[in-house]
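As C-alpha cells, the structure follows; a few thoughts come after it.
The values are calculated or read from the model by the stated rules, or taken from the named source; none is laboratory data. Bear in mind the structure is a predicted one, so any value in this text is a computation, not a measurement. Cβ: placed from backbone, ideal geometry, glycine included. Neighbour counts: every protein chain shown.
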C-alpha cells in the first residue's frame with residue numbers, strides 16, 4: 001500500500017518529473033533530473049530514492065560523471081492522486097481525499113464505490129456504502145420511500161415488533177395485554193430507556209406522542225377507533241378503544257409508530273433542502289431516535305450513523321455506517337432495483353479483481369464461466385421483494401368496468417415484462433399477478449375491444465423502474481392507437497397531490513413497498529395510503545374501508561394476510577389496479593460483510609455486520 005499522509009512535498013516533486021513523460025524508460029543524467037525538480041543534485045538523489053521506495057517510480061543510477069541513468073514514472077499525476085485518494089478514503093480521511101483530487105465529485109464517487117465495505121480502524125468497525133440518491137429526513141411521521149423506512153428501523157424502535165407471520169415480540173415494551181371486554185390495551189415499558197439525546201423514554205412521553213400523532217391527517221384513519229391514550233404510571237401506557245381491535249399491537253409495530261420525542265413532530269420536513277443542517281453539531285441534534293444507531297450527520301452527500309451504546313437490546317456490532325450519495329453511471333447492464341446502488345462491490349468489479357490477479361487470464365471459456373458462476377454465488381444474495389410495482393386506474397378517468405378490463409388486458413404483467421426485456425436497461429423482476437407473489441395468481445379472461453380515450457396520462461415519481469414501466473406502457477398503448485403523456489413528480493410531490501385529491505392522471509404508477517411487519521404493512525397500505533384512496537371512487541373506497549374495519553375488529557393479526565388476499569384479488573378483478581412486477585433485490589457482498597443477510601428492504605442487516613479482525617485485537 002502506498003503511504004498516503006504527509007506526502008505533499010513528494011507530490012510536488014513527482015508532478016515536476018511528469019514533464020519528462022510517464023510509463024516509459026527515460027535516459028537522463030542526475031543533473032538534468034535535479035534541474036527539472038528545481039533542487040540540488042544531492043537532494044534530488046535523496047528524493048528519487050524516497051519516491052522509488054514509495055513505489056511511484058523506478059530509478060536506476062549509473063556510476064560516473066554525466067552518465068545517463070534510467071528513470072521510469074509509474075503513474076500519471078492524476079492516476080497517482082486517485083490512488084492516494086482511494087487510500088485516504090479507506091482510512092476515513094474523506095475531506096483530504098476530496099481535496100487531493102481537486103474536488104472531482106465523479107471521480108470521488110468511483111473511489112467511494114471501489115472502497116465500499118467493512119473496515120477496521122483503531123479497533124472499531126466501520127461500514128461504507130454508496131447509494132444512488134440522497135435520503136430524505138429520517139422522520140417516521142412523513143411519507144418515506146423504501147430505503148428511508150429501512151433506515152428508520154436502524155434509528156428508532158417501536159413498542160413491539162411484528163414479523164411476516166404476524167407474531168408480536170418485545171421492543172421498548174416488554175409486556176402487553178388486551179382486555180377484549182373493556183376494549184383496552186396496556187403496554188409496559190422497560191425501565192431506564194433513553195432517547196439518543198439522553199432524555200428519558202417513559203409512559204408520559206409515549207402517550208403524548210401517540211395523542212399528537214392521532215391529530216395528524218396521515219394517522220386519522222388508522223387511529224380513529226382510539227378514544228384516548230394515557231400514562232397509568234411511568235412504565236405503563238393505557239390505550240382505550242371504542243371498537244374491538246385485537247391486533248392493535250401490530251399496528252404500533254409499524255415504522256410510522258416509531259418512538260420519538262413528541263416535539264419532533266413539529267419537523268414536518270418535506271424537502272431535501274430542509275433535511276440537511278450545515279454543521280455536524282446541528283445535524284446530530286436534528287434527529288432524535290431510540291434505536292440501535294443514532295444519526296451523527298446527514299447532508300446531501302452522505303448519511304453517517306453511529307452505534308448507540310445505551311440501546312435497550314444488544315449493541316450493534318458495527319460502530320459507524322457511512323452511506324454516500326453517488327450518482328450511478330449510465331450503463332447498459334441489467335438493472336435490478338434501487339438497492340443496486342447500495343452494493344458493496346458489483347460483480348463486474350469483482351471479475352476485474354480476479355482478472356488483475358491472473359485468475360481469469362489464460363483460462364478456457366469453460367473455466368472462466370465456471371469461475372464467474374462461483375464468483376456470483378459467493379458475492380451476492382437475492383430475494384423477491386414482498387410488494388410490487390402496480391398501476392392504479394384513477395377513478396377520475398371515468399372508465400367503465402369493461403373499459404378498465406380492456407385497458408388491464410392491454411397492460412398485463414406478461415406484456416409489460418416482454419416489453420421491458422427489449423429495453424436497453426432490462427429490469428431484474430418477475431411478473432406480478434397479485435400484490436404479493438405468494439397470493440392467488442389473478443388472470444383476466446379476454447374481453448372484446450372497448451373504446452378508450454385517444455390520449456391517456458400517466459403519473460409516476462422519480463424512480464428508475466417506474467420510468468421504464470411507463471415507457472413500456474407508452475409503447476403497448478401506442479399499438480392500440482392510444483397516445484400517452486407521462487408526468488414525473490418527486491415522491492413528496494406525488495404524495496402531496498394525492499393527499500389533497502389533486503392527482504388527475506388516468507394511470508398512477510406506484511411502488512408498493514412493504515416492511516418487515518408484513519400483515520399490518522399491507523393492512524395500513526389498504527387502509528390509509530393516500531394514492532390508493534385518491535384513485536378509488538367513493539363507492540369503492542367505502543367498500544374497502546368497511547372490509548378492513550371488519551378485519552380489524554374480528555381477526556387476530558395472524559389471520560390478516562389470508563383476509564387481505566381476498567380483498568386484493570377483488571380489487572384486481574374489478575380492475576381498480578394492475579399489478580406489474582415484483583423486483584428481484586440483489587445485494588453484493590464479495591465476502592466483506594460477515595454474518596449478515598439481505599433483508600426485506602433489500603439492504604444488509606447492518607447491526608449484525610462483523611469482522612474477523614475483531615477476534616485478533
Would you please name the residue that is modelled with the highest pLDDT, looking only at residues in region 445-457 that are surrounded by 12 or more Cβ atoms within 10 Å (Cβ to Cβ) and farther than 20 Å from residue 508 by Cα? 450
Here is a list of conditions, (1) under 30 Å from residue 98 (Cβ atoms); (2) surrounded by fewer than 12 Cβ atoms within 10 Å (Cβ to Cβ); (3) in contact with a strand residue (DSSP E or B) (Cβ under 8 Å, 6 or more places away or on another chain), and residue 19 meets all of them except one; can you say which number that is? (3)
Determine if region 98-106 includes at least one residue that is part of a helix (DSSP H, G or I), more than 12 Å from residue 255 (Cα to Cα) and in contact with a helix residue (DSSP H, G or I) (Cβ under 6 Å, 6 or more places away or on another chain). yes
Residue in region 505-522 that is nearest to residue 584 (Cα to Cα), counting only those that are in a helix (DSSP H, G or I) and touching a helix residue (DSSP H, G or I) at 6+ places or on another chain (Cβ under 6 Å): 522
Yes or no: region 95-106 includes at least one residue that is surrounded by 15 or more Cβ atoms within 10 Å (Cβ to Cβ) and either at pLDDT 85 or above or more than 22 Å from residue 126 (Cβ to Cβ) (or both). yes
Say we look at region 107-132 and pick out the residues that are at pLDDT 80 or above and out of contact with any strand residue (DSSP E or B) (no Cβ under 8 Å at 6 or more places or on another chain); which of these is farthest from residue 301 (Cα to Cα)? 107
Hey, any hits in region 176-183 for a residue that's surrounded by 15 or more Cβ atoms within 10 Å (Cβ to Cβ), in contact (Cβ under 8 Å) with a residue 40 or more places away in the chain and in contact with a helix residue (DSSP H, G or I) (Cβ under 8 Å, 6 or more places away or on another chain)? yes
Tell me, which helices (runs of 4 or more DSSP H) lie completely within region 398-504 with 2 or more residues that are in contact with a strand residue (DSSP E or B) (Cβ under 9 Å, 6 or more places away or on another chain) and under 23 Å from residue 148 (Cα atoms)? 464-478, 491-499
Among 514, 527, which is modelled with pLDDT of 95 or more and within 30 Å of residue 154 (Cβ to Cβ)? 527
Residues satisfying the stated conditions in region 476-488, i.e. more than 21 Å from residue 532 (Cα to Cα) and buried (at least 16 other Cβ atoms within 10 Å of the Cβ): 476, 477, 482, 484
For region 555-579, enumerate the residues that are out of contact with any helix residue (DSSP H, G or I) (no Cβ under 9 Å at 6 or more places or on another chain) and assigned to a loop (DSSP other than H, G, I, E, B). 556
Here the residues within region 134-169 that are over 28 Å from residue 464 (Cβ atoms) and in contact with a strand residue (DSSP E or B) (Cβ under 8 Å, 6 or more places away or on another chain) are 159, 160, 161, 162, 163, 168, 169
